[in-house]
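The values are calculated or read from the model by the stated rules, or taken from the named source; none is laboratory data. Here the structure is a predicted model, which means the values were calculated and not measured. So basically every Cβ, Gly included, is an ideal-geometry build from the backbone, and we count neighbours across all protein chains shown. Ligands, DNA and RNA are excluded from the accessible area calculation, which covers all protein heavy atoms including side chains. Shrake-Rupley method; radii C 1.70, N 1.55, O 1.52, S 1.80 Å.
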There are 2 protein chains.
Amino acid sequence: MEKQWSEEWSRFEALFRQISSYNEAVGLLAWDLRTGAPKKGVASRSETLGMLSTEAFKLLTSAEMGELIQALSAPSVQEQLNELQRRMVQEAGKEYDRNKSLPAERFKEYTVLAAQSESMWEDAKKNDDFVGFEPYLSRIVEFKKEFIGYWGAKQTPYDTLLDMYEPDMTVAELDEVFQRLTARLVPLAQTIRERGKQPETAFMHQLFDVGQQEKFGLFILEQMGYDFEAGRLDESVHPFAIGLNNGDVRITTHYLQDEVTSAVFSSLHEGGHALYEQNIEAALHGTPLSGGTSMGIHESQSRLWENMIGRSRAFWKRYFRDLQQHFPQQFGDVEAEAFYRAVNRVENSFIRIEADELTYNLHIIIRYEIEKMLFNEGLSVKELPEIWNAKYKEYLGIMPPDDRMGVLQDVHWSGGDFGYFASYSLGNMYAAQFMHTMRKEMPDLDQLIEEGNLTPIKEWLTDKILRYGKSEKPSEIIVRVTGEPLNPDYLADYLEAKYKDVYQL
Amino acid sequence: MEKQWSEEWSRFEALFRQISSYNEAVGLLAWDLRTGAPKKGVASRSETLGMLSTEAFKLLTSAEMGELIQALSAPSVQEQLNELQRRMVQEAGKEYDRNKSLPAERFKEYTVLAAQSESMWEDAKKNDDFVGFEPYLSRIVEFKKEFIGYWGAKQTPYDTLLDMYEPDMTVAELDEVFQRLTARLVPLAQTIRERGKQPETAFMHQLFDVGQQEKFGLFILEQMGYDFEAGRLDESVHPFAIGLNNGDVRITTHYLQDEVTSAVFSSLHEGGHALYEQNIEAALHGTPLSGGTSMGIHESQSRLWENMIGRSRAFWKRYFRDLQQHFPQQFGDVEAEAFYRAVNRVENSFIRIEADELTYNLHIIIRYEIEKMLFNEGLSVKELPEIWNAKYKEYLGIMPPDDRMGVLQDVHWSGGDFGYFASYSLGNMYAAQFMHTMRKEMPDLDQLIEEGNLTPIKEWLTDKILRYGKSEKPSEIIVRVTGEPLNPDYLADYLEAKYKDVYQL
C-alpha cells in the first residue's frame, strides 16, 4: 500500500537538501574570506554571500515549505511517520513559524548592515571610538527588536533571542543557574587572589618556532581522533571550526611566536567543535536535524576538550614530553607538573578570550546581564560603556582603562549575535556535568588519558551526544546522559576541587 | 524625461548580478575541490555544485529573462541604449536563444553524468581501459548530439560546438586555417628531426628544491604584473586559472622535484590567463559581457606569455641569472643561451601537454579532425582508438603503445568538452598575430624584456585586448588590433624563424 504522504515527504527532503547546499556554499565562501581570499575581491564576495543566504532564507520561509509542513503535520500523517521524521517536521515547523512573517527584504537589509557594522566595529576597536560605532550598534539593536516582533516574543523579548542559540532556554532558568554559579565562583576567585600560591610562569615567555607549533597541533588533533580525510587545518586571525558537509569539517588556528599555548588550546577547542560535526549520523545530513543541537551543547564539546581534558594534570603527564620534544630548548628543564600549574593560572583580567577557566564565567555573566537590560529593561546603547565598567568593578574588582579593553572587545554584538554569550558558560556547565557522568562510567579515565588513549573519550561522547545531531534537544540530552537537568554545581565542584589543588589551598 | 525602459534595465542587470554570484560560488567550490578539499566531502560537494549550476542555468533561461530581452530588443528601446548596453542585450539574447529549449532536467542529468564520466575516465586512464570507459563517453556524445538539437545546428552540427568556445568560428574557416598551418609545420618538424642540431638538455635532469621553485614562480608572476591583492597562488594536480570575481582571480601550479621548468612555464601560462581576467574593465563585472571573449583569445594570452615571451632568448638573457641565484648548484655553470635552447627542444611525442611549441599544434589538429568525424561524419566512439593511432602515425610519425599514451590522455572529452581543443591552436595563432603587431608598435620590445621591464607588454595587451572583456567578439578584436582577420602565417613565420635559429638550420 503506497503511503499517501510519500510525495510530500520527498519534496520536503528535497527542499532541505537544497537549503543545505546553499548553506554549504555560504560556509565555504565565509571560510575562504577568513583564510586568505584576496582583499580586492571582498566587496563582490559580500554580495554573493548575501544573495545565497537570502535564497536559503526564502526556501525556508516559502509557501511550499508552509504547505508541506502543514500536510506532514496532519494527525493522520503524523501517526505514520517514525520518531525521527516527526522531529524533522517539528524542527522545520519551528523555523518556519519563527521566520515566515519576517520579510526577506528586511532580512537582506539586516544582513548587509551586519556586515558593515562588523567592519565599523573593527575600526572602532582599533581607535577606541565607541561614539563612532554607537549609531551602527543602535541600528542593529533596533533591527533585533523589530525581528523579535516578527519572531514572536516568548516569556520576555530576550527569551526569544536566547531560544535561537539554546532551544527552550529561558531567562528564568538562566537567572537561577547563573546566580548559583556566581555565589560559588566569586568567593572562590577571591580566596585564590588573597591566599593562593601563584604558579610560576616565567618559562612560558619565550619564542616558539611556528613550524614546530603546527606539527604539535596536528599531532594533538590526531590524538583526539579528528578525521583529516573529512577536514583540514588552516590559519586565520581568529580560530574557528566550520562544518560544510558531513565529510568536510574544517578548523583553523592562529600561531603566536611568543605564546605556545594559544595555538595548542585553540586546536583542542576547535577540535572539540569539529568532532561534534564529524560524528553526527550521516543520515541526518541535509535534513532539518543536521548540525549540533545548540550552541551550548556545541560549546560543551570544545570546552570539555580544551579545559577538562586539555588543562588536566593527566593530559600533561602524558603529552608534556611530546611538547618538550618539539621545544627542547624552551622546555628541557621544565617539569610536567609545573607546566600543568602554569596553564591553570587564575587572574582577574579585562579580556574575555584571554581569561582563565574560572573567571571566564564571570565575563559571561556580565554580558548576559547587560543584554537582558538592553532587550528587557530599556537600557540604551549609549549607556553600554558605563554599565559595562560598573559590572566589571562589581564582579571582577577591576575597571577597564578604555573601551578597547571594555565594551568594544567582542565582535558578537556588532554582528547582531545577542543571546549568544550565555552559550559559553552553558557549555562549561554542560561539560562539567557530562564529565561527572563520564568519570562514573569510566572510572579509569585519568589513567586512559595518561596512557595517551583518548579514543574511548571520543567514542563515549559520540555514543551519548554527538551522533544525535539536532534530533534531541539540549534539555533532553542532558537528562538522558546524566540523569538530571542542567545543574551548575557540577561546574562549581569541579572548579573548586581543581583550583584548590592548583593553588594549594 | 524618464526612460521608458529603465525598470526593465534594472531587472536585467539584477538578474545577471545574481547569475554572476552563482558563478562565483560555483567557481570557489570547484577551486576548493582541486586545492585541498577533504575527500570524504566530495560526494555532497558535487551535489551542491550541481544545484548551484542548475539555479544559474534556470535564471539564464527563465521566462523573465526572455521577456526582458524581448522588451530591451525592441527598436524603440535599442535606439536609446548605448553601444555597450546593446551588446549586453545581444549577448544575453544569444545565450537565452541557445538554451531556452534545453530542459533544465536534462541539463542537470548531463551535469551529473559528466562528473561521473570524468571520474570513470581517471580510472580508465590508470588501467588503460578504453572498453570500460566507452559506454560513458558514448552517453556523453549522445547527450551532446541531443543538446545540439536544442541549441540549433549551425552550418554543421560540429559548428554549433565550436561556436560555444569561439563565437562565430566555423568548420569552413578552421579547415582552411589548419590546412595552411599543417602544410608549413609538418615539413618544418621533419627538417628539424632530420637535420637540426639537438640542444643539450642533460643539465635539466637534476633535483630542484620545491620551496625555491615557489619563490622563483612568485617572482616571475610579480614581474608579469599579476596583482596579488586580487589573487593568490596555490598548488593543484593540474595547474589552472579561475576568475571568481573581478578582484579575485586565482592561479595554481604544480611543482615537480626533477623538472624545474614545469612550474615556471605553468606560472607564465596561468599568469597570462589571470592577467586577462584581472584587467577586464570593472564595469563589465556581473554583466553578460564579463570574462574573456573566447577560449581562443584567452589561450592567446596564456601562450603569448608562456611561449612567445617566456621561451624567448630575450627573456632568459634577463631572468636566467635569477634562476641561477635560486639554483646555484644546478645552474652555476650553465649559460643563458644553453638554457634558452634547452627549453625549446622539439620532439615528436605522444602526450599533448608535454609537447613543444611547434608540434603542439599537430596534436590539436588531430583532435579537431577526430571531433569533426564524431559529430559530422558518423564516427562511433568505439572506433576512436583506431583512428587516433592512425592520425598520430600520419602527422607525427609515431604510434602510441597503448591508450593511456593515446586516446585516453586528455580529460576534455570525458567532461563533454568537444570543440574546445581548437582553442589551443587558435590561441597560438592569435598570439603570433598580436605579437607581430606589438613588435611593429614597440620596436624595442626585446630590449625591454632584456631589461626586465615587462610592464609595457601588460599595458599594451590591456589597452588593446584585455579590458574589453566580451564586449567585442574575437573576429572583431583581431581585426581592430592587427588590421586583418586570423592569419595562420604569422604563427608559421614565427615558428620557422625561431626554430631554424635554435636548431641552427
Could you tally the net charge around A:E64, taking each other residue with its Cβ under 15 Å from the Cβ of A:E64, Lys/Arg +1 and Asp/Glu -1? -2
For a label point 7 Å from the Cα of A:K145 along Cα→C-beta, name the residues of region A:364-385 whose backbone N is under 16 Å from it. A:371-384
Farthest toward the dipole's positive end in the protein assembly as shown, which of A:Y110, B:Y392, B:S62, given Cβ charges of +1 (Lys, Arg) and -1 (Asp, Glu) about the Cα centre? B:Y392
Charge sum, other residues only, whose C-beta stays under 14 Å from B:D489's C-beta, Lys/Arg counted +1 and Asp/Glu -1: -2
Which whole number gives the average, over all residues in A:33-45, of C-beta atoms from other chains lying within 10 Å of the residue C-beta? 6
For B:246-254, mean number of other protein chain Cβ atoms within 10 Å: 3
Beta bridges per DSSP with both ends in the protein assembly as shown, % antiparallel, nearest 5: 60
By the C-alpha gyration tensor axes a ≥ b ≥ c (rounded if a/c is under 1.5, else prolate when a/b exceeds b/c, else oblate), the shape of region A:67-183 is oblate
Inter-part distance where region A:401-437 and region B:156-217 are each reduced to a Cα centre, Å: 61
Name the residue from A:F339, A:Y22, B:W5 whose Cα lies farthest towards the positive end of the charge dipole of the protein assembly as shown, charges +1 on Cβ of Lys and Arg and -1 on Cβ of Asp and Glu. A:F339
Note the full-extension length gain between A:E173 and A:V131 as 0.36 nm times their separation in residues minus their Cα-Cα distance, in nm to one decimal. 11.7 nm
Specify whether the C-alpha gyration tensor of region B:418-505 places it in the rounded, prolate or oblate class, a ≥ b ≥ c being the square roots of the eigenvalues: rounded for a/c under 1.5, otherwise prolate if a/b is larger than b/c and oblate if not. oblate
For labels at A:V411 and A:E459 in the simple 7 Å Cα→Cβ model, what's the distance in nm? 3.7
Given a cut-off of 22 Å, name the pairs among A:K154/A:K391; B:K94/B:K470; B:K58/B:K94; A:K94/A:K458; A:K372/A:K500; B:K154/B:K473 whose C-alpha atoms lie farther apart than that in the structure shown. A:K154/A:K391; A:K94/A:K458; A:K372/A:K500
Net charge, A:P328 excluded, C-beta distance under 14 Å - Lys, Arg +1, Asp, Glu -1: -1
Principal semi-axes in Å for region B:6-153 [√(5λ), Cα gyration tensor, largest first]: 36, 19, 11
What FRET efficiency would be calculated for the residue pair B:I398, B:E122, taking the C-beta separation as r and a Förster radius of 30 Å, to the nearest 0.05? 0.75
For chain B, calculate the relative contact order in percent as a whole number, restricting contacts to Cα pairs under 8 Å that are 6 or more residues apart. 20
Pick out, in residue order, every one of the trypsin sites (Lys or Arg not before Pro) in region B:337-441 that is DSSP loop and has at most 10 other C-beta atoms within 10 Å; say none if there are none. none
In chain B the accessible area split gives carbon plus sulfur, as whole percent at 1.4 Å, a share of 49
Estimated inter-spin distance, A:V42 and B:S138, nm [label 7 Å along Cα→Cβ]: 5.5
Restricting to DSSP loop positions (anything but H, G, I, E, B) with no more than 12 other Cβ atoms inside 10 Å of their own Cβ, which GluC sites (Glu not before Pro) remain in region B:110-171? none
With the cut-off at 1.5 for a/c, could you classify region B:171-502 from its C-alpha gyration tensor as rounded, prolate or oblate? rounded
Relative contact order of region B:6-153, defined on C-alpha pairs under 8 angstrom at six or more residues apart (%): 24
Between the modelled labels at A:S76 and A:L256 (7 Å from Cα along Cα→Cβ) the distance in nm is 6.5
Please give the length that would be gained between B:I351 and B:K154 if that part of the chain were fully extended, namely 0.36 nm times their separation in residues minus their C-alpha to C-alpha distance (nm, one decimal). 67.7 nm
Computed from the beta carbon distance with a Förster radius of 35 Å, FRET efficiency for A:E337 and A:L207 to the nearest 0.05 stands at 0.90
Please report the buried accessible area for the interface of B with A, total over both chains, probe 1.4 Å, in Å² to the nearest 100. 2800
Solvent-accessible area lost in complex, 50 Å² minimum, residues of region A:210-240 relative to chain alone, 1.4 Å: A:E229, A:R232
Taking every DSSP beta bridge with both residues inside chain B, roughly what % is antiparallel (nearest 5)? 60
Between B:L59 and B:E386, what FRET efficiency comes out of the Förster formula 1/(1 + (r/R0)^6) with R0 = 30 Å and r the beta carbon distance, rounded to 0.05? 0.10
Below 8 Å between Cα atoms, with a sequence gap of 6+, how large is the relative contact order for region A:169-310 in percent? 19
List the trypsin sites (Lys or Arg not before Pro) within region B:1-52 that DSSP assigns to loop and that have no more than 11 neighbouring Cβ atoms inside 10 Å. B:K3
Residue-normalised 222 nm signal for chain A, counting each DSSP H run of n ≥ 4 as -39,500 (n - 2.57), nearest 500 deg cm²/dmol, is -20500 deg cm²/dmol
Among beta bridges that DSSP assigns inside region A:147-268, antiparallel share in %, nearest 5: 60
How much accessible area per residue does region B:171-502 have, counting only protein heavy atoms and a probe of 1.4 Å, in square angstrom? 37
